[in-house]
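To start, the structure under review is shown below, and the notes come after it.
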Amino acid sequence: MSDETPPSTEAAPAVRAEDQDAIRAAYARLREHLPGYRVRASQGRMIAAVARAFSRPGGVAAVEAPTGTGKSMAYLIPGLVLAQARRKHLVVATATVALQQQLVERDLPQFLAATGLEASVTLAKGRQRYACLRNLHELVRGGDEVQGGLDLGAAATAAWPRRPLPGEVEDLGELFHAFDTRRWDGDLDAAPVPLQDDTRGLVTTTAGGCSKRRCPWVRDCPFLRARDQLRDARVIVANHDLVLSDLMLPAGGEGAGTGGVLLPAPQDCLYVFDEAHHLAAKAIDRGSASVLPADAARRLDRLRPQAAMAYAASDRDRIARLEVDALDGLLAQAVDALQDIERAIGQAWRPEPDEDQPRWRAPMGGLPEDWRQRAVELRETTAALSRWLAAAGKAVADAAEPGDEPLERLVRDLGLAGERVERQHQLWWLWSTDDAQGQPPTARWVDLARDGSLVCHASAVAASGLLRQVLWPQAGGVLLTSATLANGGDFRALAAQVGLPADAETLSLPSPFDLPRQALLEVPALPALPDAFEAHVEAVAGWLEAGLDWAAGNLVLFTSWRKMKAVLERLPAQHAGSVLAQGSASKPDLLRAHREAVEAGRGSTLFGLASFGEGLDLPGALCETVVVTQLPFAVPDDPVGATLAEWLESRGRNAFVEVAVPQATRTLVQYCGRLIRSETDRGRVVILDGRLLQRRYGRGMLDSLPPFGRRLG
């Protein structure tokens, strides 16, 4: 399907009669036994669409389901029935930890209890969400001893890379004792002792740093135990990143495709991507890479002693067909090439001293030819180093006797070095490979780290290519669902973003609430537009002071920290004192304080950015007014978006209309969704951006918003 071709809305082949009967029976039991259940016609339509998609091999559906539809139950009923009938796993992927927890702790138990269906459920998380018992044991055993090791970052070895904080060793000892006495399963998200992020990095490990079967703790490994549960689980709850990571991993074996390494094989899975409006951005992130050439050169130079040790420990003259002198030469070649490309970039690009964020972006993704040629050399050397590191790690592991800690540490160091070199290779591959004809180019750019070092970046600018490669042709079935997938019922922008197959079924459901009666949309006539920063700040602060009910529960959303801070500074003290601003405390603490203030009758107003505009559940009096201070257009100088826009414009297309407006509209609908969470909620959404009334695109955005009552101008 081309990017311009909309997916089909025609009915898919009929669901088998026996499956229909099983779905109807489960639905009837849900209605009868789920406390507080309300029959919603839109939920029934979603159940039918999901059933059609999951009934055929590789079936795909995209369903926009507003708040109150009951979408979790709508995809669980046909999803589980058909997963069992087709001998598949139902993989539910979300974008937020909050929804994962809601599914595992509330929705799924309620669903199974009400329907009487039986299924094993497990939560799939990445390796770094679990404790590495080897690291934990060695950190506790090492006490205050600070050890050296290969300089690969905080998680490089199980030795302390810094002096432990007061009480830190004792806390880790308590964790180890809790695991040893079966009071804790090693899940760091449920650790009985709270850990700082820096400490978590020491306690866990990556795949490269894992000793695998040679680890003395392998039988008790929390991550391996959790992974084993996936084999028997009928329902697997994961996040988008983990599912995409798995789909991109080589499956092994000629012609085996990808996926099935962390999760069951794609063809054995029915995937539900909840919060699917995030899927495109998540996929683009998976196709990105960054390298600091100076730092990479230092780390490769420090690899020489470990390389010599690998030859000595394995008692081999050659590893990956390289003798020690040849390997030393390869390392020197890579270091020289990294220094050369940094020198070439530094000579060609000299940032202006007054630039806030110095950055150079390749026009249409095209790098200078001498940079590209240097990237070709780095692509080849890093590929050779990756092969050598993998072979060296295996050779040393084969030679190590059980309990030989120095060699086990060397294996881990080589594995971690291999991961880092592989990430370098990804960047240089993206920098040196020609873009496909007729497809959007890769975004390539350079900026400066905080210490002034050059950072080289590359990223795909569209998710469609990746998803067409790893998801649509391999999956047993896919459902995309969210409250915001279409624009006024139009799925063409989504189809272009994610490359929806031509036979995908799309469905945009109406809200089950009486939105014209329950909510009001206001767009006041302010004296300034957002591009006049100071004037708009004054106008927003003035409207908030006079127009907001400060004795109620409110949510005010901003597009930048700078504007949020400026507006807060201009509010009178009596109002500013009732504001809970994002960043002043943790999100849970802010929400707790907000709830307490509203319930005590004092009133409270939350100030936040985009993350507060999605996923917050503030029913009833907790949120009676949502204020959107300006339309949530993406930052115009984002190199990924700018490269895509440049390519579209080169083909005579309007990037603003095709990309920026649909994305901003979907985000705006998400913001509106914070207001009405039940049949009894009442309130208003106020948008303090006159472009909705003054710009041509504003009418289309207004038409795509929920059908609230209107007060415009």
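For region 37-69 and region 89-112, compute the distance between their C-alpha centroids and round to whole Å.
17
If you place +1 on the Cβ of every Lys and Arg, -1 on the Cβ of every Asp and Glu, and leave all else neutral, what size is the dipole of region 489-640 about its Cα centre, to the nearest 20 Debye?
360
What FRET efficiency would be calculated for the residue pair D198, D356, taking the C-beta separation as r and a Förster radius of 45 Å, to the nearest 0.05?
0.95
So for the pair R56, H33, with labels modelled 7 Å out along Cα→Cβ, what separation do we get in nm?
Taking the simple label geometry, R56 and H33 are separated by 3.3 nm.
Projected onto the charge dipole of the chain (+1 at Lys/Arg Cβ, -1 at Asp/Glu Cβ, origin at the Cα centre), which of A566, Q357, V261 gives the Cα projection farthest towards the positive end?
V261
With +1 on each Lys and Arg Cβ and -1 on each Asp and Glu Cβ, and nothing else charged, work out how big the dipole of region 289-459 is about its Cα centre, in Debye to the nearest 20.
Dipole about the Cα centre, nearest 20: 220 debye.
Could you list which residues have their amide H under 5 Å from that of L270, counting only those 5 or more apart in sequence or on another chain, with H placed in the peptide plane?
Counting only residues 5 or more places away or on other chains, the set is H89, L90, V91.
Hey, with R₀ at 25 Å, roughly what FRET efficiency would D241 and R106 work out to, going by the Cβ-Cβ distance, to 0.05?
So, using R0 = 25 Å, E works out to roughly 0.65.
If the viscosity is 1.567 mPa s and the temperature 4 °C, what translational diffusion coefficient in µm²/s does Stokes-Einstein give for region 373-505 when Rh comes from Kirkwood over Cα pairs?
69
Return the whole-Å distance between the Cα centroid of region 514-574 and the Cα centroid of region 621-699.
Centre-to-centre distance over Cα atoms comes out at 16 Å.
Between D398 and Q20, take the C-beta separation as r, use R0 = 56 Å, and let me know the FRET efficiency to the nearest 0.05.
With a Förster radius of 56 Å, E is 0.50.
Under unit Cβ charges (Lys, Arg +1; Asp, Glu -1), what dipole magnitude, rounded to 20 debye, does the chain have relative to its Cα centre?
So the dipole magnitude of the chain works out to roughly 1720 debye.
Taking 2.2 N^0.38 Å as the expected size of a compact globular protein, what ratio does the Cα radius of gyration of the chain give against it, to two decimals?
Ratio of Cα Rg to 2.2 N^0.38 Å: 1.03.
Test of understanding: what is the full-extension gain from H177 to A600, defined as 0.36 nm times their sequence separation minus their Cα-Cα distance?
Numbers: separation 423, 0.36 × 423 = 152.28 nm, distance 4.24 nm.
Gain on stretching H177 to A600: 148.0 nm.
Please report the antiparallel percentage of the DSSP beta bridges confined to the chain, to the nearest 5.
25
Output ³J(HN,Hα) for region 41-48: one whole-Hz value per residue in order, computed from phi by the Karplus curve 6.51 cos²θ - 1.76 cosθ + 1.60 with θ = phi - 60°, and x for Gly and Pro.
4, 5, 5, x, 5, 5, 4, 5
Which ³J(HN,Hα) values in Hz, rounded to whole numbers, follow from the phi angles of region 178-187 under the Karplus curve 6.51 cos²θ - 1.76 cosθ + 1.60, where θ = phi - 60° and Gly and Pro get x?
Rounded to whole hertz, the list is 5, 5, 4, 9, 6, 8, 8, 9, x, 6.
Cα centroid distance between region 397-468 and region 205-268, in Å?
Going from one Cα centre to the other spans 20 Å.
Per-residue HN-Hα couplings for region 697-711, Karplus 6.51 cos²θ - 1.76 cosθ + 1.60 at θ = phi - 60°, whole Hz, x for Gly and Pro?
Once rounded to whole Hz, the list reads 6, x, 5, x, 5, 4, 5, 8, 7, x, x, 5, x, 10, 9.
Rule-based calculations on the coordinates, nothing more; no lab input. Every value quoted in this text rests on a predicted model; they were computed, and no experiment measured them. Here the Cβ is made from the backbone with ideal geometry for all residues, glycine too, and neighbour counts use every protein chain on show.
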